[in-house]
Amino acid sequence: MNNNEDTARYADIFAALGSEPRLEIMRLLFAAYLDGMTVGDIQEKLKIPNSTLSHHLEKLRIEELVNCRKEKQFLWYSANAETMENLLSFLTTGNIRGDRTLESINNTSTQEGFTFERFFESIFERLFGFMSGRFHLKGFERFTQKAVTAINIAQGESRRLGHDFIGTEGILLGLLGEGSGIGWQFLTTVGVNLENAQIEVEKIIGRGRGSTLVDIPFTPRAKQVLELSVEESRKLNHNYVGTEHLLLGILKEGTEGVGGGAAIRVLQNLGVDLIYFEQRLRKALT
């Protein structure tokens, strides 16, 4: 692959890891390396709906972060250590390690006290140390990890659709892809999920020609959503900005803007009563 293809490829992999449930899945699978775990065992550990777990596992499989095999009636998943180290190597040096990765793992595995879980923790300590230096949203230091995860997923969704911008629809998809925060919880209560929202987003904005940008910028409306989320957090006397505040920001942008952004149109198309929905969310947060 050329440099642009490498950048796009590893951006997709990095975005796939921008979800707390997926990180937990990877931690579990590295702890169980090489054997892996069945879908049932993963579900029992994480306590998330089967449909949500299937979505996360499929995303990890597509990006080659996990391997899948079938034994009798059971599906087994195992971590792909080579992809993880190639990603880390690309982020830090611009190159990939290739076959040297598995060789280094096999050599290291003979050392006393080595575990693949520790190997994984070491990779992610370095990986997210690198990320923290790259990801910055000036003025939004109070964002929770789940809110940051939603924003990272928003970037991944924009890239998936081939756009070189993150709109309000991207933030909505980020909340749904995050899969555990209060924003996600409230959206699921009105029948909005990642799959049906993705379909509506594509109907509204279509697909672009692709983007090779590492950091995809926000549209003016999306920036307004972020600013409103911070404002809503302060009004509620909260010392953090979570996924619930991002959702409030989306709803507030819809009332303050002329017709609202694409996220509002997605919610309307999916039959959400926006006024009642916002009232319910505010009542839960006060």
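Just so it is clear, none of the values below were taken in a lab; they were calculated from the coordinates. These figures come from a predicted structure and were not determined experimentally. Glycine also receives a Cβ, built like all others from the backbone with ideal geometry; neighbour counts cover every protein chain displayed.
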Report, ordered by chain and residue number, the lysines lying within cross-link reach of K47, taken as a straight Cα distance under 23 Å and ignoring same-chain residues fewer than 8 apart. K59, K70, K146
Ordered by packing density, taken as the mean number of other Cβ atoms within 10 Å over each peptide's residues, highest first, how do 165-175, 185-195 rank? 165-175, 185-195
Given H placed 1.01 Å from N in the peptide plane, which residues other than close sequence neighbours of T219 have an amide H under 5 Å from its amide H? I166, G167
On the formula 1/(1 + (r/R0)^6), with r taken between the Cβ atoms of E227 and Q145 and R0 of 22 Å, the FRET efficiency rounded to 0.05 is 0.60
